[in-house]
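In what follows, a structure is listed as structure tokens, so that the remarks can point back to it.
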Amino acid sequence: MTAQPLLVLQEVSKRFGPTQALDGLDLEIRSGECLALVGENGAGKSTLLKILSGQYRPDRGTMRFEGRPFEPRNPRDAIRHGVAIVHQELCLAPHLSVEANILLGREPSRLGFCRARKSKAIVREILARLDHAGLDVDTPVSALTPGLRQIVEIARAIAADAHVVLLDEPTSSLTEVDTRRLFRLIDALKARGMAVVFISHALEEVDRVADRIAVLRDGRLIRVADRADWDRGSIVGTMVGRTIEDLYPARPEAPIAVDAAEPPPLLDAVELTGEIVPKGVSLRLMRGRILGLAGLIGSGRTELARVMMGLDRTIGGRMTICGEPIRPIASARSRIRRGLGLLSEDRAGEGLAVNRSIEENMLYSTYARDARFGLIRSASSRARVRKWVSSLGIKCVSPGQPIRDLSGGNQQKVALARLFEQEGDVLILDEPTRGVDVGAKAEIYRMIREQADHGRAVLLISSYLPELFGLCDDLAVMRDGRLSPVRPIGEWSQEQAMHWATTGVEMAAGSERA
């Protein structure tokens, strides 16, 4: 039996200047089901969620919630009507407790005084429903893991008596264990008759949680159908308007072994040690090869990248770049000059100047190439920017558009273009495709492979094992700040990599899943 529609949208449209973000969208959101929204970056998914949650007002069209007009003036009004959003970047007060965050603005009171005992009882009952009865309600949110912070966000939606929960890239910062817990939670919300709208670029997650899948492209709803009526190929083809034959580019064939000395590494790290992590990590990055670095969140992968880049303090070990020793106190700027480049996983905080333009962000490190007699030749700069905008498919109005106006995936492409523009010999890429759609991932993978084929060494840090196994030549796994042996990718399986990430030891022979 078809679930009843809770929220019905008709001809909903939204324009930002010359950009038509949504164009005549018709959609039903039904009780007791999970509707997955998929599409390329800039397809209109986040704009739709912001309209539903009261952050934007549509230019035209109508929305009806349980048969009544739904015109939220702001997020508080949307919550009052029963629609709550859990953002990709969680909106919590980190200095306040779990209890305070869940009931913020809705604390039970009598005669103007907060009823502390009742508040705790309400919060504990909600957390018990979410299978987290053991979470201490007095704990500051800043002390929680990303997975538990997300539980607090969802508990806040339940406390507001939401009937529709909007999840925008909810797994982007979660471990595999927390992701599985989230999926069980979505099942529980559906069982209570709630509707869940789920945005994700990971199609295997969509397969797991969705009852129906809606594909958006260029602000239009292209197709919505039951999950059983889709396969991954048809989803991707509908998203991008074309088929993607090979998501991962072919690796170059291994050269035939000859009696010759091994070429020197472009980066050689020996017993690198940070203040907490990494702990005595040694690795070599070779010309023309991509080394994948797997591991769970908190294993020390990002900290290793920051120590190598000089952003965190080194207290032990040594490193050379292109044969030149690097002093432990050497700045990030000096390491960039030696040929080392980093794509940070924190693009908003470290990777980009979000209030500056696309052009400025791409060319900050390389404007000198376009300078003559101290003056920048703008035509030359714009030509370089246009090249990257075209090759990476960055959706923007112009190179002068502020970075903050772009979707997260398009911001990531700008950050990659800035790194590639530096033309360093060694690239460290920390979660380079986080928040990037499938079509853009294929382009980014192609460009990473091209960087290696052109003689650069690449360290690829990723939480997504299929990405590492599809793209890398070699693999190592981190756990608790220590690194496994580096081996050719053919000598690993995904089960072996996950076993090392969770236990720190080799998987016993014969225990691998058939």
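With R₀ fixed at 51 Å, the C-beta to C-beta distance from Glu324 to Arg356 puts the FRET efficiency at about 0.95.
Across the stretch 314-445, Cα-Cα pairs more than 18 Å apart make up 57 percent of the total.
Residues whose amide H falls under 5 Å from that of Lys14, counting only those 5 or more places apart or on a different chain, are Ala21, Leu22, Asp23, Gly24, Asp59, with hydrogens built in the peptide plane. Which angle from 0 to 90°, rounded to the nearest 10, does the C-alpha axis of helix 408-422 make with the longest principal axis of the chain? Helix 408-422 sits roughly 10 degrees off the main axis of the chain. Antiparallel beta bridges, as assigned by DSSP with both residues in the chain, represent about 55 percent of the total such bridges. Between 0 and 90 degrees, the angle of helix 438-453 with respect to the longest Cα principal axis of the chain falls at about 10 degrees. Carbon-plus-sulfur accessible fraction, the chain (probe radius 1.4 Å, protein heavy atoms only): 50%.
Taking 0.36 nm per residue of sequence separation and removing the Cα-Cα distance, the Ala3/Arg184 pair yields an extension gain of 63.2 nm. The phi torsions of the stretch 151-161, fed into the Karplus equation with coefficients 6.51, -1.76 and 1.60 and a -60° offset, translate into couplings of 4, 4, 4, 5, 4, 5, 5, 5, 4, 7, 6 Hz, rounded to whole numbers, with Gly and Pro shown as x. The calculated Kirkwood hydrodynamic radius for the stretch 94-205 is 14.7 Å, given to one decimal from all distinct C-alpha pairs. May I ask for the angle, rounded to the nearest 10°, between helix 378-392 and the longest principal axis of the chain, with both axes built from Cα atoms and the value confined to 0 to 90°? Tilt of helix 378-392: around 70 degrees. Highest average first, the peptides 346-358, 39-51, 426-438, 128-140 ordered by how many other beta carbon atoms sit within 10 Å of their residues are 39-51, 426-438, 346-358, 128-140. Charges were assigned to the Cβ only: +1 to each Lys and Arg, -1 to each Asp and Glu. The resulting dipole of the chain about its Cα centre is roughly 1680 debye. Rolling a 1.4 Å probe across the protein heavy atoms gives the stretch 272-382 an accessible surface of 51 Å² per residue. In terms of its C-alpha gyration tensor, the stretch 161-320 has an oblate overall shape, because the principal axis ratio a/c (a ≥ b ≥ c, square roots of the eigenvalues) is not below 1.5 and a/b does not outweigh b/c. The largest-to-smallest principal axis extents of the Cα set in the stretch 84-133 are 37, 23, 21 Å. Applying D = kT/(6 pi eta Rh) to the chain, where Rh is the Kirkwood radius over alpha-carbon pairs, T corresponds to 20 °C and eta to 1.002 mPa s, the Stokes-Einstein value obtained is 86 µm²/s. Computed with a 1.4 Å probe over protein heavy atoms only, the accessible surface of the stretch 105-219 comes to 44 Å² per residue.
Solvent-accessible area per residue in the stretch 1-62 equals 41 Å², computed with a 1.4 angstrom probe and all protein chains kept. With a Förster radius of 30 Å applied to the C-beta separation of Val486 and Glu204, the computed FRET efficiency comes to 0.65. For Trp230, the accessible area of its heavy atoms, probed at 1.4 Å with every protein chain present, is near 20 square angstrom.
The values are calculated or read from the model by the stated rules, or taken from the named source; none is laboratory data. Bear in mind that the values here come from a model prediction, so they are computed numbers and not experimental data. Every residue, glycine as well, gets a Cβ built from its backbone with ideal geometry; the counts of neighbours run over all protein chains shown. Remember, those area values only see protein heavy atoms, side chains included, never the ligands or the DNA or RNA. Shrake-Rupley method; radii C 1.70, N 1.55, O 1.52, S 1.80 Å.
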